[in-house]
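Note sheet for the following structure.
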Amino acid sequence: MSSTDLGQEGVGQTREGISIQAFLTALSTSLVIFGVQSGLFLVLRNKLARIFKPKTYLVPERERTDPPPRSPWGLMLALLRFPDREIIKKCGLDSYFFLRYLQTLLIIFIPIACIVIPILIPLNYVGGRNQDIGNSTGTAPDGSPDGEDFPTGLDTLAWSNIQRRNADRYWAHLILALMVILWVCGVVFAEMRVYIKIRQDWLTTAEHRLRASATTVLVSSIPDKWLNETALRGLFDVFPGGIRNIWLTRDLTHLLEKINKRDLIHKQLEAAETQLIREAKRQQLRNRELEEKEARKFSKSRRPTKEERLQRRISEDVKARMQAQGGQGLSSGDRPVTSGGFRIPGISNGISKLTSGIGKGLGVGENTGHGIVGGARDISRGLEAQLETTNGFVPIVQPQAQSSGAGTQASEHRHLEIPDERDLPQTQPQQESPIPTNETVMGASAARPRHAPNSSIVSQDAMLNKESIELRHLGNTTRKIDNIDEMYDNERARWYEFWKPPTGAFASPVPQGYERSEFPSKRDERPFWAKVKSAIPFLGGDELEPIEYPKAYSDEQKKAQAQESGAEWEKWVKRSKRPTHRVAIFEWTPAWLPGIPGLNKKVDTIYWCREELARLNLEIEIDQNNPERYPLMKSAFIQFNHQVAAHMACQSVVHHIPKHMAPRIVEISPNDVLWDNMAIPWWSGWLRTAGVFAIIVGMILLWTFPVAFSSSLSKIDVLIEQFPWLGFLESNVVVSEAVQSFAGVLPALLLVLLLWLVPIIMNFLAGVKGAKTGAQKTETVQQFYFAFLFVQVFFVVSFSSGLIDIAQQVLQNPASVTDTVAKQIPKAANYFFSYMILQALSVSSGTLLQIGALISWYILAKIMNNTTREKWTANTTLPDVKWGSYFPVYTNFACIGLIYCIVAPLISLFAMITFSLLWVANRYSMIYVNRLNIDTGGVLYPRALNQTFTGLYFMEVLLIGLFFLVRDDQGRVAGGPQAIIMIVATILTATYQILLNKSFGPLFRYLPITFEDEAVLRDEAFQRAQDSRLGYNQDEKGEETFGAEEGSPSHHHRGASESGSVERRSDDGAPSGNKFLATFRPMKDIVDKSVEATNRTVSRAGEQWKNAHKGRNHRRREDLEAQRAIGEALYGGFHDEIEDLTPEERDKLVRRAFMHSALRARRPTVWIPRDDMGVSDDEIRRTKQFSGHIWISNEGTALDSKARVVYGRAPPDFSEMDIITV
């Protein structure tokens, strides 16, 4: 079959006149899938908390939700009653608006189904051309009088079944179509208003205004002469409140490449060390077994019983867990904590909150009456079940002797360390500029002309104190001039220089910190090829001057490592069994290319990784402390003191030349910045956009062929005729019927598989396009992916001929577009019946069951996760949602439902079922499963509403064509008036959408000024409540005032210097004066509520069930204890909300937040398990002897009796700054 044949007929055309039997076959298949997946979900959800409700314990406390009830009906009630405000708070605006979009579609389709179906189906069926809905032969009982296509099956309920003599019935279709249009437009208008209100409320909450993202603006395409801090301060100080911080971005691509390489080598070294230690442990177990066998042979004693072996293994497991205690582990090479850091009170006992004894933690006390053997067996089952459900996590015992004492060598006291100003990457001191400057604003030092490479990358405002901010004037400032003539351009233009203004015009604006005589600035002296390389993507930017780094280790140390002897591992492992790998000869060889013998040399993995990791650690830290080596990019982050100032700056015309200092973006999360795209100029962005657009169009057209191939699989008869070797499919009646039934489901399944790869490609193209943030990439993917889905899922399967043929027909005769659409689209309605019901039943139940997560957790994790860090990462990484590819799928469903809601009214019923089931499934996932790290602020919702209009437009175009095709008994056009009315309705719909977006558009992203005063009042109320919550009383603490004076900058700036603090600590570090944190036990509430919910759903039918009930409750308590242990070990006691920090502490966080990710990268820890043979401790000592630039530790992890890695804490290099949203 040629590719041309594949595109000749869409799969939707083959389903024309689908019979009741075929439809019921597809429906029953979907119901079976739905029943199986839903049943498994209901059975497993209470047993596998890590898969089905991880957000109840495995996230920071601000994101945790109460465990759902155990009964299905209780779960449904909990989902329905879960407050929307809590969804916004715990899941984000994107999650809320996605659920609201599904709810909006239900609001649209439920009235349509209730009104349109009862009216149009009787009109279409009664007195129609075929009244036998079971007739699927295509032959009319009395013959087809008009010689046209005869409606069969479900088509008897659709548009095409009305006879010519009943053409007046189409007026009902017109009236209902107009009602649908008005209803959809009204709902969209209401939703736009609700969206703006919710988003404005969210933006002006006191908690959000505290964050740096609320007051920080990303400015792109900054001209060279404005690319310094003084110039930017002088330009943007016209906005109210002034500027707080400015971060000029630098091109740290070379440093980022080093960091990425270091991460790979770090993981490789961890894996190799873990493999060596585990192999030594396995050899120890084998040797012990052989020795015991020989001893029994010599003494003629019996073999130990199963219970004795079990008891010994449990004893060894207990010892392993004791070895994994933080106070007993070793650590070397960790960077010392600076004195400039601060400790957030109340978090020093995070690990110590775990179970206070191995017996209690594993439920030994419950089994004391069963004897030693019975208790050991129960403990063993508890250990195995715990390791099975927690992927190696075990509660670590905290000895009483250490629980209240000072930290030891590897103290478990975890706290948030934020470097002081002197710990930030600093540059060389600036030389005093010979250029006179005006009064500096907010302490900003005078910058060099053209911003010399050694200018500071961190705002000079970092050195300010509160008093200097309050006393300094924050209004607009200007540069000083000595000669008034400098304000005019007196250069006389030559007669042919028509592009210049007349002589005497005002001179071009001059940034503060410069003189008029400095411009025009020096020309770029770089070679032409260097300019081309810096402009073309993937060719690299400016080359850096090479520097000579000091050695991370000496030649003697390298030689001693290669010839080491007396190591602990040598007692158990042969040198030939040590981990090895091949190293590429050439530097440009890709890391993923396997080593080739003869070309790539074989090296000892541990020795080689030590050398490379030590070298990279040293080079990276030197580069981080000397960022002035790297060139500036043409963008900057500017933080204002007022939120309204940031929104005003984004909406103002900032520069006098088009496309300069644009675009400007507000509400940017520091973790969402794409640093690689910061240096892209506007013209390069345009070229990239054009190139990406061309690629997307090519994808849409070329993807037609594989989609058409999948549709051809539904035509079994045609395939058998063209490929005789498939004849066995119809030789047997049973096989033939099975194949025919399977063909009804296969095209839809293959279509889903073919679409899986598209979002990945589009996400990559969105980055190439020049998106500055992940949110921008998401928006780009949403635009492109919807267009792709609409063409592939709707057009390709709807038209009987290929898209190219359709396009040629339309180009040759544009007026035929309505006729073409009207003839082709209605035939595919029945296909979308099956498609939507399959999606509704299979996708909704699949979303709940999470087959991929189950396979990953119980199969792939056991095979691939061997190191402690891999197990910890797998345990703490929750499912995420890619909104850019998630929204368009459901938007496309909505468009399909709207297109066919009049032509094939039954589609409304299927749309209603689809969105109801998907709403329930996604609501559960958002509340209990998915953790969304990046939130766009809900900006995808108005675009989804606008994309929904696509369905309205195609419905209108379809009806226009169908009305023109309607004929009466004499063959005359009977639907002309209806078509004309529909044309007018189409024009009015387009006008309405344009006016709607013009009116609401500015409010989609930005705040109006009217909200500022009310927001300030809410800030003050929030601060009073915060002071009360934290136990502060200003009357008793007269020497300190928590709050700012009216009119001071700190009073208005909620992002960094507003009042608020955390508890003080006494001299010994213990919290004092804070009763709230002392009694705050969120996990206890979770346990109590879950037990209460469980007790309400337990059956009380008979005394014989009570013992089983007690056993189940006991297991549930064990599960809850294990969940609490994980949550407490990872996040217990940590302040994960920025409002709990003082203004000074927030400032320290903010100053690091918008630094380049390469400058914030920390030295990673080689985290290896501890063992009872001393191999791990010896590896740490030998690594320390080799180089002091490698951080290696075995704190909090060990090997159990089966040489499996277990752990009970987060990695030593885990930073709590990662869980605070700045």
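Coordinate-derived values only; no laboratory data. Everything numeric here is computed off the predicted structure, so don't read it as measured data. With ideal geometry, Cβ positions are generated from the backbone for all residues, glycine too; neighbour counts draw on all protein chains shown.
If the chain linking residue 1009 and residue 293 were pulled fully straight, counting 0.36 nm for each residue of separation and taking away their Cα-Cα distance, it would gain 249.4 nm. Each of residue 257 and residue 165 was given a label point 7 Å from its Cα along the Cα-to-Cβ line. The distance between the two points is 8.2 nm. Using the Cβ-Cβ distance between residue 969 and residue 179 with R0 set to 22 Å, the FRET efficiency works out to roughly 0.15. Full extension of the chain segment joining residue 580 with residue 735 gains 50.5 nm, where the gain is 0.36 nm per residue of separation less the Cα-Cα distance. The charge dipole of the range 62-107, taken about its Cα centre with unit charges on the Cβ atoms of Lys, Arg (+1), Asp and Glu (-1) only, comes to about 120 debye. Assign one of three labels to the range 670-712, namely rounded, prolate or oblate, based on the Cα gyration tensor with a ≥ b ≥ c the square roots of its eigenvalues; rounded applies when a/c is under 1.5, prolate when it is not and a/b is larger than b/c, and oblate otherwise. It is oblate, given that a/c is not under 1.5 and a/b is not larger than b/c.
Can you work out the FRET efficiency for the pair residue 490 and residue 659, with r the C-beta to C-beta distance and R0 = 35 Å, to the nearest 0.05?
Taking R0 as 35 Å, the efficiency between residue 490 and residue 659 is 0.75.
Output the pairs from 53/882; 225/777; 258/559; 258/551; 659/772; 602/862 with a Cα-Cα distance over 18 Å in this structure; if there are none, say none. Violating the 18 Å Cα-Cα cut-off are 53/882; 225/777; 258/559; 602/862. Residues 1170, 664, arranged from fewest to most other Cβ atoms within 10 angstrom of their Cβ, appear as 664, 1170.
With the cut-off at 1.5 for a/c, could you classify the range 880-937 from its C-alpha gyration tensor as rounded, prolate or oblate?
Oblate shape, in that a/c is at least 1.5 and b/c is the bigger or equal ratio.
Between residue 77 and residue 334, residue separation times 0.36 nm minus the direct Cα-Cα distance comes to 87.5 nm.
Could you list the residues of the range 165-207 with an amide nitrogen less than 14 Å from a label point located 7 Å from the Cα of residue 1020 in the Cα-to-C-beta direction? So the set is empty, nothing qualifies.
For the pair residue 85 and residue 478, label points projected 7 Å from Cα toward Cβ lie 4.9 nm apart.
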